[in-house]
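First up is the structure itself, then whatever we jot down about it.
The values are calculated or read from the model by the stated rules, or taken from the named source; none is laboratory data. What you are looking at is a predicted structure, and each value in this text was computed from that prediction instead of being measured. Please note: Cβ atoms are built from the backbone with ideal geometry, for glycine as well, and neighbour counts cover all protein chains shown. Quick note on the areas: whole protein, heavy atoms, side chains included, nothing else; ligands and nucleic acids left out. Shrake-Rupley method; radii C 1.70, N 1.55, O 1.52, S 1.80 Å.
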Amino acid sequence: MNAFLKNFGIILIVLGVIVLAFYAMNTPSSNTPLIFAALLLIGGAAAYVILNRIID
């Protein structure tokens, strides 16, 4: 379980990159995917730093 928690932030960052890739490939109709991707990237980076400080 600790291994999953240590990598949870990286998983969120990868999901954010996937959302950005789908947004770039399709014709953008709104900025909602950009906001969602930004939240995933920022949240993933914060989760990575915080969880790795707690677990180690």
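Details
- With the helix formula -39500 (n - 2.57) applied to DSSP H stretches of n ≥ 4, the chain reaches a computed 222 nm mean residue ellipticity of -30000 deg cm²/dmol.
- Alpha-carbon gyration tensor eigenvalues x 5, square-rooted, for the chain, Å: 27, 10, 5
- Solvent-accessible heavy-atom area per residue, rounded to whole Å², over the chain at 1.4 Å: 74 Å²
- Helix axis angle, 2-25 relative to the chain longest principal axis, alpha carbon, degrees: 10 degrees
- Other residues lying with their Cβ under 15 Å from the Cβ of Asn2 contribute a combined charge of +1, Lys and Arg counting +1, Asp and Glu -1.
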